[in-house]
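Visitor: Got a structure for you, written out below as structure tokens; questions coming shortly.
The values are calculated or read from the model by the stated rules, or taken from the named source; none is laboratory data. What you see is a predicted model, and the numbers here were worked out from it, not measured in a lab. In this analysis, Cβ positions are derived from the backbone assuming ideal geometry, glycine residues included, and neighbour counts consider all displayed protein chains. Heads up: the accessible areas ignore ligands, DNA and RNA and are worked out on the full protein's heavy atoms, side chains in. Shrake-Rupley method; radii C 1.70, N 1.55, O 1.52, S 1.80 Å.
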Amino acid sequence: MKKLRRKFYYFGALILSKLVLLIPYKLAVNQVSRALGSLAYFFVWDARAKARKNLALCFPEKSTAELNAILRKVLINQAKNFFELANFPRLKGKFFNEISEMENKDLILKALEGGKGILFSSAHAGNWEITAASVAANGIPVNVIAKRIYIDDLNNLLVSYRNSKNVKVILRSAPDSARKMLKALKNNETLAMLIDQDTEKVQGVFVNFFGRKAYTPSGLAALALRTGTPVFFGVDMRVGEYKHKTVIKGPVTITPTGNTEQDILLLTQKLSDILEDHIRQYPDQWVWFHERWRTQPPAMAQPLQADKRTQQKNT
């Protein structure tokens, strides 16, 4: 029964993705997405309640009307994300240069001259799939770390979408994932990780995020400190009905303390600070449905903590 149900989900998603291709791109991303996102605001109650709670905790100064307006835009943006991703099979690389401006490309090219590759700290902001495709369209080799979807056929479909845009996928659960990550850096390529979720079975540290402790993946920071690979912050930002901007900041550095655990925490905290600043400016472009603060440190434990006030601001 489980196998049959998964096949049903896959074919349902496949048929829907094919139907999307019948709609003109701009019409789908603009009007259709806006209509579906607005409908979701009234009917997707569980997700709406979860997102509404997180928004209220992070923006206590905002009125109910303001929070509801943000939430509605969040849902519309997710509808846009779906239509944009479903259109990947027919969108050429040149198209991404037309719809997405890449910020600070010269900094990336200069960093690659060091021959150690680049580690990108990214997040579920804007359309994160557009970020990777846009960087790849600029001729920069891109690898992304991704979670395997439990439905194999659906996972393969998503991977094929990314591959079609010259984005190489390293599945986090694969036994050779560590080897592939090191190989990508050795080949002077970019390696992107999303570190904005409370992810199970992934090593992490507790950082300050919107005034609360948030369990955050620390693998990127550990890899950067181990290999000496430069770290950049990179996320997608919507700048119009269907246009995007790839926001690039960095290199992001810390002053090493000599204590590996402390340095991992400091770098992870600094990357989280940059992300928080971005979300505060564009709250409607982040995914608020995730249980970001689900895991909390034991009451009696004294985990290493990074004080945001002591962090060097990225320039």
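Visitor: Can you name every residue in region 62-85 that is of a type in the set (D, E, K, R), assigned to a helix (DSSP H, G or I) and open to solvent by 50 Å² or more (accessible area, probe 1.4 Å)?
Guide: The initial filter retains those residues of region 62-85 that are of a type in the set (D, E, K, R), namely 62, 66, 72-73, 80, 84.
Remaining after also requiring assigned to a helix (DSSP H, G or I): 66, 72-73, 80, 84.
Passing the criteria: E66, R72, K73.
Visitor: Now for a separate question. Pairs needed: first member in region 224-237, more than 15 Å from T190 (Cβ to Cβ); second member anywhere, of a type in the set (S, T, Y) and part of a loop (DSSP other than H, G, I, E, B); C-beta distance under 8 Å; at least 6 residues apart or different chains.
Guide: Between residues of region 224-237 that are more than 15 Å from T190 (Cβ to Cβ) and residues that are of a type in the set (S, T, Y) and part of a loop (DSSP other than H, G, I, E, B), the close pairs are M237/Y282.
Visitor: For region 204-249, give me each residue that is in a loop (DSSP other than H, G, I, E, B) and either within 30 Å of F83 (Cβ to Cβ) or in contact with a Pro (Cβ under 7 Å, 6 or more places away or on another chain) (or both).
Guide: Going residue by residue through region 204-249, those that are in a loop (DSSP other than H, G, I, E, B) are 210-211, 218, 228-230, 239-243.
Result: F210, P230, V239, G240, E241, Y242, K243.
Visitor: Let me ask another. When residues of region 182-197 are filtered for being open to solvent by less than 50 Å² (accessible area, probe 1.4 Å), in contact with a helix residue (DSSP H, G or I) (Cβ under 8 Å, 6 or more places away or on another chain) and part of a helix (DSSP H, G or I), how many remain?
Guide: 1
Visitor: Let me ask something else. In the set K53, K18, which member is modelled with pLDDT under 90 and either polar (S, T, N, Q) or open to solvent by 60 Å² or more (accessible area, probe 1.4 Å) (or both)? Break it down stepwise before answering.
Guide: Values: K53 fails: modelled with pLDDT under 90.
From the options K53, K18, the qualifying one is K18.
Visitor: Under 9 Å by Cβ, and 6 or more places apart or on different chains, what pairs join a residue from region 255-277 that is without any contact (Cβ under 8 Å) to a residue 24 or more places away in the chain with one that is open to solvent by 10 Å² or more (accessible area, probe 1.4 Å) and not in a helix (DSSP H, G or I)?
Guide: Filtered contacts from region 255-277: N259/L304.
Visitor: Still on this model: Just to check your reading of the model, which residue among K201, K243 is modelled with pLDDT under 95 and either in contact with a His (Cβ under 9 Å, 6 or more places away or on another chain) or on the phi > 0 side of the Ramachandran plot (or both)? Write out each step before concluding.
Guide: Working: K243 fails: either in contact with a His (Cβ under 9 Å, 6 or more places away or on another chain) or on the phi > 0 side of the Ramachandran plot (or both).
Exactly one of K201, K243 is modelled with pLDDT under 95 and either in contact with a His (Cβ under 9 Å, 6 or more places away or on another chain) or on the phi > 0 side of the Ramachandran plot (or both), namely K201.
Visitor: Does region 141-194 hold any residues that are without any contact (Cβ under 8 Å) to a residue 60 or more places away in the chain and in contact with a Gly (Cβ under 7 Å, 6 or more places away or on another chain), and which are they?
Guide: Residues satisfying the conditions do not exist here.
Visitor: Taking region 53-68 only, how many residues are free of Cβ contacts under 8 Å to residues at least 60 places away in the same chain and either in contact with a strand residue (DSSP E or B) (Cβ under 6 Å, 6 or more places away or on another chain) or not acidic (D, E) (or both)?
Guide: Our first condition is that a residue be free of Cβ contacts under 8 Å to residues at least 60 places away in the same chain; within region 53-68, this holds for 53, 56, 60-68.
Still in the running and either in contact with a strand residue (DSSP E or B) (Cβ under 6 Å, 6 or more places away or on another chain) or not acidic (D, E) (or both): 53, 56, 60, 62-65, 67-68.
Residues that pass the stated criteria total 9.
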